[in-house]
Structure formats: structure tokens, C-alpha cells
1. Of Thr130, Thr103, which residue is surrounded by 18 or more Cβ atoms within 10 Å (Cβ to Cβ) and more than 16 Å from ligand 2 (Cβ to nearest atom)?
2. Would you point out the residue of region 40-61, among those that are in a loop (DSSP other than H, G, I, E, B) and in contact with a strand residue (DSSP E or B) (Cβ under 7 Å, 6 or more places away or on another chain), that is most open to solvent (accessible area, probe 1.4 Å)?
3. Check whether at least one residue in region 132-146 is assigned to a loop (DSSP other than H, G, I, E, B), in contact with a Ser or Thr (Cβ under 9 Å, 6 or more places away or on another chain), within 19 Å of Thr15 (Cα to Cα) and of a type in the set (D, E, K, R), and report yes or no.
4. May I ask you to list the residues in region 1-53 that are over 23 Å from Gly140 (Cβ atoms), touching an Asp or Glu at 6+ places or on another chain (Cβ under 7 Å) and of a type in the set (A, V, I, L, M, F, W, C)?
5. Checking the structure you have, find out if any residue of region 2-13 is within 11 Å of ligand 1 (Cβ to nearest atom), farther than 20 Å from Met110 by Cβ, among the aliphatic types (A, V, I, L, M) and open to solvent by less than 40 Å² (accessible area, probe 1.4 Å).
6. Quick one: in region 106-123, which of the residues that are open to solvent by 50 Å² or more (accessible area, probe 1.4 Å) and within 16 Å of ligand 2 (Cβ to nearest atom) is farthest from the chain's Cα centre (by Cα)?
7. Find all pairs meeting these conditions: Cβ atoms under 8 angstrom apart; at least six residues apart or on different chains; first residue within region 50-61 and closer than 16 Å to Met32 by Cα and more than 13 Å from ligand 1 (Cβ to nearest atom); second residue part of a loop (DSSP other than H, G, I, E, B) and open to solvent by 50 Å² or more (accessible area, probe 1.4 Å).
8. Which one of these is over 10 Å from the mean Cα position of the chain (by Cα) and within 16 Å of ligand 2 (Cβ to nearest atom): Gly39, Gly54?
Amino acid sequence: MNQEWTMITRSPEETAKLAERIGALLNENDVMTLEGDLGAGKTTFTKAVAAALGVTRNVTSPTFTIMKEYKGRLPFYHIDAYRIEDQLEDFGLEDYFEGGGVTVVEWASMIEDQLPPDRLEIRISYLGNTERRFYIKAHGARYITIGKELFNK
Ligand code: ADP
Ligand code: MG
């Protein structure tokens, strides 16, 4: 069961607003994947999701680690699958997916087979200097509900 939506943002602030609205709808054990080229807006988006979850620490890319954990109204797990490469076999990502927090996975396509079947998939594409297209696909009933609340349809 899937459903998809697209939305265009026309500034970093609009992207942050969209991310905050999504963040406000997320609950424990929710998983969101984030794809997009360098400069698409993944970090801009992730920071705003974290803020909506009550994370006060600055969220930065998990450059030297696969995962960074932050405290908010829920734990916030930020996974960068780009770092996982070959070590993925024993990493046990489900400990995060089912760890009572909200997980955002960047470069999720690199670990496609390890993703939970139910998740919110987000792809950001560059349209122009300040324009980005968000493709949002809900996998499973829980995320379809979130998408419907978000887009009111
Ligand atoms: P990524 O993490 O995907 O590499 P960043 O979030 O670090 O991308 O960078 C996105 C850059 O694009 C920032 O400099 C941001 O200000 C700029 N930008 C311009 N328009 C937008 C938009 N509509 N949404 C998000 N970022 C935008
Ligand atoms: Mg980034």
C-alpha cells in the first residue's frame, strides 16, 4: 500500500517549514528516508525535522560515524548510509528503527534491503537556484495517514 505526493519549495525557509510540519506528525519508531544530490537540501530538511522534534543541539552530518543520536521529545537518530558501504551485514539498523525514536536515513538507497517496509520516502530534486521538488512516497498505512494530513488529501 503506497501513496505519493509532490511539492515544490521556493526557498530554504519553505523547505524548513515543510520539514517542521512533517516532524510534528512523527512519532516513536517512525522512519523517513531522504535522497537527493549534494546541495539538494537534505541537511536543511533534516535540521528542521530535528527542531520540530525538540532537538536543541545542532544537527550535523554524521561524517565519521554511521549514526548520530540526539535528544528531543523523542530520540532522533540520524543515519548516513553512505558511510555504511560494506560493513552493513551486522550493523543491526533495526535497533534504531525500532528504538523508540524517529530515524532519518540519508542515502537510503544504499541499504534498500535493510529498510523497514513501512516508511516515508522523500526525494529532493534541484529545480533551480532556490527551487526544489519534493517527492514524498508513503509506504504503508501509517505513513499514508501522515501524507494525507500533510497534503490534506
Ligand atoms: P544537502 O545536505 O542535500 O547537500 P544542504 O541542505 O546542505 O544540501 O544545502 C542546500 C543548499 O541549497 C543550502 O545552501 C540552501 O540554502 C540552498 N537552497 C536554496 N533553495 C532551497 C530550497 N528551496 N530548499 C532547500 N535548500 C535550498
Ligand atoms: Mg547534507
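1. Just one listed residue meets the conditions, Thr103.
2. Among them, the one singled out is Arg57.
3. no
4. Ile8, Ala48, Ala51
5. Within region 2-13, not a single residue is within 11 Å of ligand 1 (Cβ to nearest atom), farther than 20 Å from Met110 by Cβ, among the aliphatic types (A, V, I, L, M) and open to solvent by less than 40 Å² (accessible area, probe 1.4 Å).
6. Met110
7. Within 8 Å, the pairs are Leu53/Arg73.
8. On inspection, the qualifying residue turns out to be Gly39.
The values are calculated or read from the model by the stated rules, or taken from the named source; none is laboratory data. Every value quoted in this text rests on a predicted model; they were computed, and no experiment measured them. In this analysis, Cβ positions are derived from the backbone assuming ideal geometry, glycine residues included, and neighbour counts consider all displayed protein chains. Just the protein is used for accessible areas: all its heavy atoms, side chains included, with ligands, DNA and RNA removed. Shrake-Rupley method; radii C 1.70, N 1.55, O 1.52, S 1.80 Å.
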